[in-house]
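Right, I'll just put the structure down here and ask away after.
The values are calculated or read from the model by the stated rules, or taken from the named source; none is laboratory data. In this text, all values refer to a predicted model and were calculated from it rather than measured experimentally. Note that we place each Cβ from the backbone using ideal geometry, even for glycine, and neighbour counts take in every protein chain shown. Ligands, DNA and RNA are excluded from the accessible area calculation, which covers all protein heavy atoms including side chains. Shrake-Rupley method; radii C 1.70, N 1.55, O 1.52, S 1.80 Å.
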Amino acid sequence: MPYLQFKDQRIPLAAGELTVGAFDGAGVRLPGDDASASAVIVLAGEKQVVVRRGRPDAVVTVNGVAAGVEPVPLLHGDRLEVGGQELRYGDDDKGGSTQFISAADLGALAKARGAAPAKPTTATGGRLVSLVDGREYAIPDVGLTIGREVGNDIVIASGEVSRKHIGIALGEGGYLLTDYSTNGAFVNGQRVEQNQLLGRADVIKVGPEEFRFYADTAKAAAPAPSAPAPGAPAAPVAPAAPDPIAVESAIASAAPAEPVAPVAPVAPVAPVAPVPPRRAPLATLEMLSEGPAKGTRFELYAALTNVGRGEHNDIVLNDESVSDSHAKLQKRGDGWWLVDQDSTNGTYLGGRRVQGEQRIEGAPDLRFGGIKMTFRAVGDAPDAGKGTRAIAALNVDAAKRAATTAKAPAKTEAAPVAEKKKGCAVVIAAILTLGAAGASMLVLLLSTRA
């Protein structure tokens, strides 16, 4: 049966709506007196439970992500926060008894020992990233537990998982994982023997789910020189380097010798190592903000990329406007999502501030605080047949000169034609004049004879 857990109070969910808020009349009355702290839990159909905001200005988060306008489906173990109060959603059918895994299955899961040692970490900056859905869980100073029961920090609704499966706590030299389970926990494919110190990028398997562990990297200590064994011969002492001033004086005082041109040694040709094939990125981010870093391009190879000012991020933006853990880019089944990590100066997608998370469509501009970047997923290149075609710039003065030069030969060829027409007209006029004179003479002669 679905239920809500608020502190020590367990509230069964019946079909219909249940109001949760810090005001009188709420079905689940929270401490305080704030009418904007309001959420509505809806049970519809067969255990289809969703939560939505009770008011447009209400702030309701599910597993640390703010709910938007649309209702958010709830899963066994989800954490709700309304008015600063935390509630947990659970389902009795998901929290049944532990199902034992056969010894054969355990043998298939456990791999041979001897894997490469993990990178040591400090006891700061611990976090787990789910390799199933990309969710990130910070490890607080009081530690973190994973199990099937609702009271755990991370709830896995599986019969293979014990009610309290593992715990991760701060220990000497980093983070210590303790196994409380029946079926065991695995780190990098190797079953944990009650306790194990975690290394950076270790993969933790709990039932059907896997998590990658991250923490601040510990600085490697310089190895101390080992003392020689009793009776062992002393190690040879390296000769002291010659004094360059003494060597120069000795050369100057020596008799000059016939200079001999030094023969340059022939350096051996180093073999060229084969270049491994480059893995194609899933997406790219390019800096648009003015400054020396403009045009810097980041390639995203993982489905989850953290962006912020802290060194623990995958993309580090060293700017005062960027929070230590500012935002993250996550590739899901329906595309890329931009998730704000409660940053101080906000995360923006296409000029609008992101409230919680928002799906990325196309190739919009992103802004982390005051840093503006453009995001492009691989395969989202614009269609050359539909986009605007760029035309090269044209020098106007040069174009005018070219046009004038092109018209000049036309005028030069037209001049002889005009001269020819003028000469023809003169000849015709002369012929007509001579014809008229001849006609006059003929008329005169005829008149004289008569």
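Could you check, for segment 162-171, whether at least one of its residues is open to solvent by 40 Å² or more (accessible area, probe 1.4 Å), assigned to a strand (DSSP E or B) and modelled with pLDDT of 90 or more?
yes
Next question. For segment 29-39, enumerate the residues that are under 40 Å from the mean Cα position of the chain (by Cα), within 22 Å of Gln5 (Cβ to Cβ) and either among the charged types (D, E, K, R) or surrounded by fewer than 17 Cβ atoms within 10 Å (Cβ to Cβ) (or both).
Matches in segment 29-39: Pro31, Gly32, Asp34.
Would you check if there is a residue in segment 208-225 being within 25 Å of Pro2 (Cα to Cα) and either surrounded by fewer than 20 Cβ atoms within 10 Å (Cβ to Cβ) or more than 29 Å from the chain's Cα centre (by Cα) (or both)?
yes
What number of residues within segment 57-91 satisfy the criterion of being among the charged types (D, E, K, R) and open to solvent by 70 Å² or more (accessible area, probe 1.4 Å)?
4
Moving on. Suppose the filter is in contact with a helix residue (DSSP H, G or I) (Cβ under 9 Å, 6 or more places away or on another chain), at pLDDT below 85 and open to solvent by less than 60 Å² (accessible area, probe 1.4 Å); does Val150 pass it?
It is true that Val150 is in contact with a helix residue (DSSP H, G or I) (Cβ under 9 Å, 6 or more places away or on another chain), at pLDDT below 85 and open to solvent by less than 60 Å² (accessible area, probe 1.4 Å).
From Arg359, Arg389, Arg353, which residue is modelled with pLDDT of 85 or more, open to solvent by 10 Å² or more (accessible area, probe 1.4 Å) and more than 22 Å from Ala302 (Cα to Cα)?
Sole residue among the options that is modelled with pLDDT of 85 or more, open to solvent by 10 Å² or more (accessible area, probe 1.4 Å) and more than 22 Å from Ala302 (Cα to Cα): Arg353.
Within the group Ala22, Ala26, which residue is surrounded by 15 or more Cβ atoms within 10 Å (Cβ to Cβ), in contact with an Asp or Glu (Cβ under 7 Å, 6 or more places away or on another chain) and more than 30 Å from Lys328 (Cβ to Cβ)?
Ala22
Residues to consider are Thr145, Thr124; find the one that is in contact with an Asp or Glu (Cβ under 9 Å, 6 or more places away or on another chain), open to solvent by 20 Å² or more (accessible area, probe 1.4 Å) and over 15 Å from Ile204 (Cβ atoms).
Only one candidate qualifies: Thr124.
Which one is most open to solvent (accessible area, probe 1.4 Å) among residues in segment 127-142 that are touching a Phe, Trp or Tyr at 6+ places or on another chain (Cβ under 7 Å) and not hydroxyl-bearing (Ser, Thr, Tyr)?
Of everything passing the filter in segment 127-142, Leu131 is most open to solvent (accessible area, probe 1.4 Å).
Also, quick follow-up: Please go through segment 312-322 and pick out each residue that is open to solvent by 20 Å² or more (accessible area, probe 1.4 Å) and without any contact (Cβ under 8 Å) to a residue 60 or more places away in the chain.
Those that are open to solvent by 20 Å² or more (accessible area, probe 1.4 Å) and without any contact (Cβ under 8 Å) to a residue 60 or more places away in the chain: Asp314, Val316, Asn318, Asp319, Glu320, Ser321.
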